[in-house]
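> Please find one structure pasted underneath; my questions will follow.
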Amino acid sequence: MGFAKLRHFVFSAHGKGEYQAALDAVEAYETSDRDEIADLTFWRMCLLSLAGRTDEAIDEFARRLDEGLWWGEVLLDDKDLDAVRDDPEWRRLAAISLERAVEASTGPAEPLDVSPDGEPTGTLVLLHGFGSPPHEILDRFRPALGWGYRLVALHGTMPVATGRFAWPPEGADEVVISQLHAAGDPERPILCGFSQGARIAAQLAWSGRIATSGAFLTAPAFGPRGMPTADSVQRPVPTAILAGDEDWRIDEIRQAAGNLEALGVPVRYDERPGLSHDWPDDFAETLGETLDWSRQQV
């Protein structure tokens, strides 16, 4: 079982209250990837807390802190940890973790900028999802380098866990604009994003705050404030939306696509059966098809 399938299984079992099944799957998974270990550890602490095994949750927290990992406030406030939250030892460990998160937030948040061989034919600006590192979305879009695209993966500034960041709830647009300026203000890029990053990419594209030639949104987490309306869509930027029919936000995503079409925005809507809030296995092929479609809209 790969990590994406493990995540889907754990989240599904958690949602059904099948905590032991989720815990068994987490403990059976072996990896040396530091990003995956950070996620696995957090899931294990939550599941142990839910199962009433608070001493084991505390031991896991202490062990992983000793290895240099940390988790920020947005995760440590998770209600799954309520059973252990007031324990004095947990509070001591949490203080250490939060101190590391503060240190991480003061470090440089520089975009990853990769150019193709030869003169670029265009630029894709990439906004990662909540709790992801910039290199993760960059790797997803690497096939575009072979088609002549420059890739600029921007960096969320809110620390979530070791190596993982999110976009701040307020001022995310300014963070993106500032990092794009540091990258030389690419001319008419396509704004691309996953989940939280997709919402921010969409807002910036539709509002016209960034002059774009298109938007490519994967599993967008629009939320009430991010839904396209006649007021929020100031520019009919060609918008591609990729989502799975098992995404917990699918009704919202379908509504957003319908709103855009009603507003006269060119839309490429690709809904995949059996896909949850995740990337499809054939994303590289889908990326090529989507970029072809975007070029035809210009």
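A short reminder: the numbers here are calculations on the coordinates, not readings from a lab. Values in this document were obtained by computation on a predicted structure and should not be read as measured data. Every residue, glycine among them, receives a Cβ derived from its backbone with ideal geometry; neighbour counts consider all protein chains shown.
> What does the chain give for Rg and for Dmax, in Å, if only its C-alpha atoms count?
Expressed in Å, the Cα Rg and Dmax of the chain come to 20.0, 61.
> Using the Kirkwood radius built from alpha carbon pairs, what does the Stokes-Einstein equation give as D for region 21-107 at 4 °C and 1.567 mPa s, in µm² per second?
Details: Rh = 13.1 Å.
It diffuses with D of about 99 µm²/s by this estimate.
> Of PHE216, PHE3, how do they rank once you tally other Cβ atoms within 10 Å and put the fewest first? Mind showing how you got there, number by number?
On the way: PHE216 28, PHE3 14.
In increasing order of surrounding Cβ atoms, one gets PHE3, PHE216.
> Which of the trypsin sites (Lys or Arg not before Pro) across region 163-229 are loop residues per DSSP, with 15 or fewer other Cβ within 10 Å? Could the numbers behind the result be given before it?
Values: sites: ARG164, ARG199, ARG209, ARG225; in loops: ARG209.
When the trypsin sites (Lys or Arg not before Pro) of region 163-229 are filtered for loop state and at most 15 Cβ neighbours within 10 Å, ARG209 remain.
> Quick one: length gained pulling ALA262 to ASP281 fully straight, 0.36 nm per residue minus the C-alpha distance? Kindly include the intermediate steps, with their values, before the conclusion.
Details: separation 19, 0.36 × 19 = 6.84 nm, distance 3.07 nm.
Residue separation times 0.36 nm, minus the Cα-Cα distance, leaves 3.8 nm.
> Let me ask another. With labels modelled as points extended 7 Å from the Cα through the Cβ direction, what inter-label distance (nm, one decimal) is found for ASP77 paired with ARG91?
Calculated label separation equals 1.8 nm.
> Here's something else I'd like to know. In whole Å, what are the Cα extents of region 61-192 along the three principal axes, biggest one first?
Answer, in whole Å and largest first: 58, 27, 24 Å.
> What number, rounded to the nearest 500 deg cm²/dmol, is the helix-based mean residue ellipticity at 222 nm of the chain, given -39500 (n - 2.57) per DSSP H run of at least four residues and division by all its residues? Working shown, then result.
Working: 13 runs with 142 residues, N = 298.
It lands at -14500 deg cm²/dmol.
> Assign one of three labels to region 158-298, namely rounded, prolate or oblate, based on the Cα gyration tensor with a ≥ b ≥ c the square roots of its eigenvalues; rounded applies when a/c is under 1.5, prolate when it is not and a/b is larger than b/c, and oblate otherwise.
rounded
> Once you have the Kirkwood Rh of region 27-76 from its Cα pairs, apply Stokes-Einstein at 20 °C and 1.002 mPa s and quote D in µm²/s. Please report the intermediate quantities before stating the final value.
On the way: Rh = 11.2 Å.
Rounded to a whole number, D works out at 191 µm²/s.
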